[in-house]
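Remarks on the structure that follows.
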Amino acid sequence: MRNMFAETLYREATENPDIYVVVADISPVGNMARFSSEYPERFINVGVAEQSMIGICAGLALKGCQPFAYTIATFSLYRPFEMVRDDLCYQNLPVTVVGMGAGVIYSDHGGTHHTMEDIAVAGAIPNMQIVSPCDPAEVAEATRWCARQKNGPVYLRLGKSGEPDLTKDAEPWEFGKLRALRRGNDVCILSYGVVSKTAVDLADRFAAIGKSATVYSSHTLKPLDRDGIIEALKHHNHVVVIEEHVPQGGLAAQTKQLAWDIQARCRLDTFTLQDDFIHNFGRHPDMLAAHGLSLSRIAQRVGLD
Amino acid sequence: MTLPGNGFDIRQARERCRRYRRRILDISQQVQALHIGSAYSCTEVVDCFYHGLMRRNPDGCSPDTFLMSKGHGCMIQYVILEEDGILSRADLDGYCKADGHLGVHPDYGIPGIAAATGSLGHGLSMACGMALAERGRKTGGRIYVVLSDGEVQEGSTWEAVLMASSLRLDNLIAAVDNNDLQSLGRTSVTHPSLYPLVDKFTAFGWEVAEVDGHDSEAIFGAVTNRGGGRPFMLVAKTTKGKGVSYMENVPIWHYRSPSLDEYRRAIDELESAR
């Protein structure tokens, strides 16, 4: 994902001299290195100084520029939180805060490098928009949108590397709308971000027993496609939410809220990270499994095993 | 006396600053509290930035930007913007009222206000971003920013200090309103190692000058005589509540409105200083 982000941003920045990339000591992979050498005046490395990263982006945007703040998710959102809130959101500036390696992707780095509550944290701030693409192609769509939008601040939640292509046959990407990766009649699976691969795999498991599943990339977490989710709740007997985020304040919690609001009659299963710091130092799938987000556990809990 | 360059007349500056203090006193009688001491502390610095240093295009607009990082001192900015015709008398009459749009801290979107401040330690980073944008667009625009000395305790301020010099932002001109007071006492007592400030900013690669922050001529001279090529920091030695004897260096006047009797005494002092 980060390579596709860098590649797309490079293309956008080549065409738009107002795009600045302000990073906090993160290795410039792929085209990010090319951008930094070709446009050194628009590539700023603040070092390990994330508060100034956000403040500088705010100042650039106050002068009409289109900045991106880019580093590992926990350091782009949590460390400079008040700058994100006051400088970007309160002033409603078109700055994209890129959280790379969100969720528990930095599994073996420990809890200091995990971003498990970012949707709740970012989503609580007025004016903030949140986009979390499910695969590299969706990263390209989302990055292009971020580079051109003037609505206000965006938190762009990214994975890291090696994510599979999930959107080859998907409907076109549109900001603020659920995107069907496939359509079915019996079950609807809502997910976003890297863990969307588990949603697709779960749909295959349903297909194997003759049940067709709709799989949605709920890439825009704020504003959430409330109408789309309500339709999904109304037209499927079984809705499953899978997200790499704590239970509070994310897609699962909001889907439950919508289900209550419309008195939905479907079965609703939600799978999230635990509300817990788990001291597991394995790989990403190990960490997800420790939180209960393995395909086998989810399959069992939805009645497939 | 008129100094060369921008036609900055010192006698007129003194008269303006007296007028501004008087206007702030008048507004103080409309509200229960305001940051009067903080505004009086930086009156000469802000006046000199606006009327001595920031340039004016023929259309009246300035290519330069003023940012009040110590947002609580914004009463002085409001009264300057009022006198310069950017804010109206009605705007200031609505200060901190339900149907007004001027608050205790400057709000983005208000005419003449370049950024929302109030939480300390934000302004200098935003000023760096603005300076970077002006440089990128080759506009020649300069960014003037005023910080409090309490604000210099914020880690985020030092991140920005480090970045401004690393980026060689020579279009960034900052001032620290060094009145040595914050809510709970003297900054030099709570943080003795932070002083002298000049050494700290110099060590971080800034060009620095220290002046009497109530001496308009000295402020103007220090900034106009800077060498350039890097960001400039003016350490303005000031007195909190300057101009009204019973307010000077008395912490309670950080955020308080004078009683009617106190108001009259203050007016007498300001008028007798003409």
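For the reader, a short list of remarks on this structure follows.
- Number of positions in the stretch A:72-101 that are more than 10 Å from chain B (Cβ to nearest Cβ) and assigned to a loop (DSSP other than H, G, I, E, B): 3
- Selection of the stretch B:152-170 for residues being within 7 Å of chain A (Cβ to nearest Cβ) and within 20 Å of the chain's Cα centre (by Cα) yields B:Ser156, B:Ala160.
- Scanning the stretch A:280-293 for residues that are touching a residue at least 60 places away in the same chain (Cβ under 8 Å) and not in a helix (DSSP H, G or I) yields A:Asn280, A:Phe281, A:Gly282, A:Arg283, A:His291, A:Leu293.
- Residue check for A:Glu82: closer than 23 Å to B:Gly109 by Cβ, surrounded by fewer than 22 Cβ atoms within 10 Å (Cβ to Cβ) and of a type in the set (Asp, Glu): yes
- Of all residues making up the stretch B:133-151, the number that are within 11 Å of chain A (Cβ to nearest Cβ) and in contact (Cβ under 8 Å) with a residue 24 or more places away in the chain: 6
- When the residues of the stretch A:224-243 are filtered to those that are in contact with a Ser or Thr (Cβ under 8 Å, 6 or more places away or on another chain) and part of a loop (DSSP other than H, G, I, E, B), the one that is nearest to A:Gly101 (Cα to Cα) is A:Glu243.
- For A:Leu304, the conditions (1) modelled with pLDDT under 95; (2) within 24 Å of A:Lys160 (Cα to Cα); (3) hydrophobic (A, V, I, L, M, F, W, C) are fulfilled apart from (2).
- Of the residues in the stretch A:57-70, at least one is out of contact with any Phe, Trp or Tyr (no Cβ under 6 Å at 6 or more places or on another chain), in a loop (DSSP other than H, G, I, E, B), assigned by TED's automatic domain parsing to the domain that holds A:Thr112 and crowded, with 17+ Cβ neighbours inside 10 Å.
- Listed by position, the helices (runs of 4 or more DSSP H) enclosed by the stretch B:132-240 that each have at least 3 residues that are hydrophobic (A, V, I, L, M, F, W, C) are B:155-166, B:197-203, B:216-224.
- Residues of the stretch B:63-119 satisfying the condition of being hydroxyl-bearing (Ser, Thr, Tyr), away from chain A (no Cβ under 12 Å) and within 14 Å of the chain's Cα centre (by Cα): B:Tyr78
- Look at the stretch B:90-113: where a residue is without any contact (Cβ under 8 Å) to a residue 24 or more places away in the chain and a partner is outside any loop (DSSP other than H, G, I, E, B) and of a type in the set (D, E, K, R), sitting 6+ places away or on another chain with Cβ atoms under 9 Å, you get B:Asp91/B:Glu82; B:Gly100/B:Asp91; B:Gly100/B:Asp93; B:His101/B:Asp91; B:Ile110/B:Asp91.
- Residue within the stretch A:137-148 that is part of a loop (DSSP other than H, G, I, E, B) and farther than 22 Å from A:His113 by Cβ present: no
- Filtered by the rule that a residue be more than 20 Å from the chain's Cα centre (by Cα), at negative phi and either outside any strand (DSSP E or B) or modelled with pLDDT under 95 (or both), the stretch A:262-275 gives A:Ile262, A:Ala264, A:Arg265, A:Cys266.
- Given (1) facing chain A (nearest Cβ under 8 Å); (2) farther than 21 Å from B:Val223 by Cβ; (3) touching a Ser or Thr at 6+ places or on another chain (Cβ under 7 Å), index of the condition B:Met130 fails: (2)
- Number of the condition not met by A:Gly152 [criteria: (1) in a helix (DSSP H, G or I); (2) under 26 Å from A:Asn16 (Cβ atoms)]: (1)
- On inspection, A:Ala259 passes the criterion of being touching a Cys at 6+ places or on another chain (Cβ under 8 Å), farther than 15 Å from A:Ser191 by Cβ and at pLDDT 95 or above.
- Of all residues in the stretch A:38-56, those being assigned to a loop (DSSP other than H, G, I, E, B), more than 7 Å from chain B (Cβ to nearest Cβ) and among the hydrophobic types (A, V, I, L, M, F, W, C) number 1.
- For the stretch B:164-177, a residue qualifies if it is touching a Gly at 6+ places or on another chain (Cβ under 8 Å) and surrounded by 24 or more Cβ atoms within 10 Å (Cβ to Cβ), and the qualifying residues are B:Ala175, B:Asp177.
- Listed by first and then second residue, the pairs linking a residue in the stretch B:262-274 that is over 19 Å from B:Ala13 (Cβ atoms) to a residue that is aromatic (Phe, Trp, Tyr) and surrounded by 12 or more Cβ atoms within 10 Å (Cβ to Cβ), with Cβ atoms under 8 Å apart and 6 or more places separating them unless they lie on different chains, are B:Glu262/B:Tyr246; B:Arg265/B:Tyr246; B:Ala266/B:Tyr246.
- Looking across the stretch B:244-274, just one residue is surrounded by 16 or more Cβ atoms within 10 Å (Cβ to Cβ) and among the basic types (Lys, Arg), and that is B:Arg256.
- Some residue of the stretch A:57-71 being over 22 Å from B:Glu134 (Cα atoms), more than 7 Å from chain B (Cβ to nearest Cβ) and at pLDDT below 95: no
- Residue in the stretch A:67-83 that is under 22 Å from B:Arg168 (Cα atoms) and touching an Asp or Glu at 6+ places or on another chain (Cβ under 9 Å) present: yes
The values are calculated or read from the model by the stated rules, or taken from the named source; none is laboratory data. Since we're looking at a predicted model, the values are computed, not measured. Cβ sites come from the backbone with ideal geometry, for glycine too, and all protein chains shown count toward neighbours.
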